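The values are calculated or read from the model by the stated rules, or taken from the named source; none is laboratory data. Please read these numbers as outputs of a predicted model, since none were measured by experiment. Glycine also receives a Cβ, built like all others from the backbone with ideal geometry; neighbour counts cover every protein chain displayed. Surface areas here come from the heavy atoms of the whole protein model, side chains and all, with no ligands, DNA or RNA. Shrake-Rupley method; radii C 1.70, N 1.55, O 1.52, S 1.80 Å.
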Amino acid sequence: MNKNIKPLTAALLTLAAAPAAAQTLAGYEYWIDDRYDQRTEVRTDDGNISIEIDVQGLAPGLHRFMMRAEDTEGRWSPSVVHNFVKPEPPLDGNMITAYEYWFNSGEARRVEVGPANPFTADGMVIEVKDVTPNRIDPDYTVDWAEQTLWTDDDVTFGIRYGDAAGRWSEARTDTFACAVPVSFDTERLAWGDTAHVIQPHPCNVYAYDVEAAEGDSLAWSFSAPCRADIYDGSGNRLARLEAEGKPLEHKMKAGAGGLVTALVYDAGADTLAVCCGRTAASGITPLTEAGMALTAAGGLITLTGVEGGSCTVYGVDGCAVARRSGLGHTETFAVAKGVYVVAVTDRRGKAYKQTVAVD
């Protein structure tokens, strides 16, 4: 313990001193808590120092009083430091009026209470909800009906109390094991379209699904490092994906058909883009069997022999690079060099496809 610390019992601090006989005091200056820019400067003719400081505006706790003196020759003494404590106000008449609590690094929730002294927490019940977990446990479970993921986590709970004067106590924290629910909203992806998440939180869960037929070849792409788990429509996990420090890609065959859903979390970038393309859908026959022709030259894909219906051009990553409906007899698509899949649906709903290389 610092023996220089002395508690104050009054609102005023008084110091008195006299210089040595061989010196002639011309003035002095003093300040509080290293705030030299707020110092008080005093000139004196009687050689005495007498200081009174109002400490009403200081917060309770430890403070430093500092001063130094100047003689008639303009020489300054070393700074003198006095440590003192402004005590906490007595609890008599003071009332607890509110408390704040939070989970992990989440936002604090404030609750006003009837003024009380002492304030007791007997019977207080705080529901564990809207908790952002510290991590998503790999052994999580999913309630698909409620669109909720449950993950085991060590949750930190914090609480502090406020009085009628607006002062707050030190926070008390406790950590406990808990199964944390994380809600998610599922977004339906159209083939080749891209969904974006701006500033994704690593422990938020983002869900995307596509409608696939049995045998469809799917190409998933994730623009940033993340984790993604792929499920079929019955909730069976088909794949667990992870890419450290780079975007994530995954190609797969659809099983029995229906919905295919990706749960995405642990995103490590300011923006996350998710896309799912279909490179070779089932039940599609070559364009030539329908009397259509497909040619490629000079950066152009030319489709002839079809009127009405729609056409989508996919890259090898499964993402659509062109989409057109209400086709004329001849349609051209300007594309970069590469390999593409051209998928056509005629006016009767019959699907066709063909792969073409563009030089």
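Pick from the stretch 117-131 the residues that are touching a Gly at 6+ places or on another chain (Cβ under 9 Å) and open to solvent by 60 Å² or more (accessible area, probe 1.4 Å): which of them is nearest to residue 105 (Cα to Cα)?
Checking each candidate, the answer is 130.
Exactly one of (1) within 22 Å of the chain's Cα centre (by Cα); (2) more than 30 Å from residue 235 (Cβ to Cβ); (3) surrounded by 17 or more Cβ atoms within 10 Å (Cβ to Cβ) is unmet by residue 110. Its number?
Tallying (1) within 22 Å of the chain's Cα centre (by Cα); (2) more than 30 Å from residue 235 (Cβ to Cβ); (3) surrounded by 17 or more Cβ atoms within 10 Å (Cβ to Cβ), residue 110 fails exactly one: (3).
Condition check ((1) in contact with a His (Cβ under 7 Å, 6 or more places away or on another chain); (2) modelled with pLDDT under 90; (3) among the aliphatic types (A, V, I, L, M); (4) not in a strand (DSSP E or B)) across all residues:
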site: 42; (1), (2), (3), (4): no, no, yes, no
site: 67; (1), (2), (3), (4): no, no, yes, no
site: 73; (1), (2), (3), (4): no, yes, no, yes
site: 82; (1), (2), (3), (4): no, yes, no, no
site: 89; (1), (2), (3), (4): no, yes, no, yes
site: 94; (1), (2), (3), (4): no, yes, no, yes
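Can you tell me which condition residue 207 does not meet? The list is (1) at negative phi; (2) touching a Gly at 6+ places or on another chain (Cβ under 8 Å), and all the others hold.
Going through the list (1) at negative phi; (2) touching a Gly at 6+ places or on another chain (Cβ under 8 Å), residue 207 breaks only (2).
Please return the ranges of strands (runs of 3 or more DSSP E) entirely within the stretch 191-294 where 1 or more residues are hydroxyl-bearing (Ser, Thr, Tyr) and either open to solvent by 20 Å² or more (accessible area, probe 1.4 Å) or touching a His at 6+ places or on another chain (Cβ under 8 Å) (or both).
Values: elements: 194-198, 206-212, 217-222, 227-232, 237-242, 248-253, 258-265, 271-280.
It comes to 194-198, 206-212, 217-222, 271-280.
With respect to residue 274, determine if the residue is at pLDDT 85 or above, within 43 Å of the chain's Cα centre (by Cα) and closer than 17 Å to residue 191 by Cα.
Values: at pLDDT 85 or above: yes; within 43 Å of the chain's Cα centre (by Cα): yes; closer than 17 Å to residue 191 by Cα: yes.
It is true that residue 274 is at pLDDT 85 or above, within 43 Å of the chain's Cα centre (by Cα) and closer than 17 Å to residue 191 by Cα.
Would you mention how many residues in the stretch 138-187 are open to solvent by 60 Å² or more (accessible area, probe 1.4 Å), under 19 Å from residue 208 (Cα atoms) and of a type in the set (Ser, Thr, Tyr)?
So the answer is 2.
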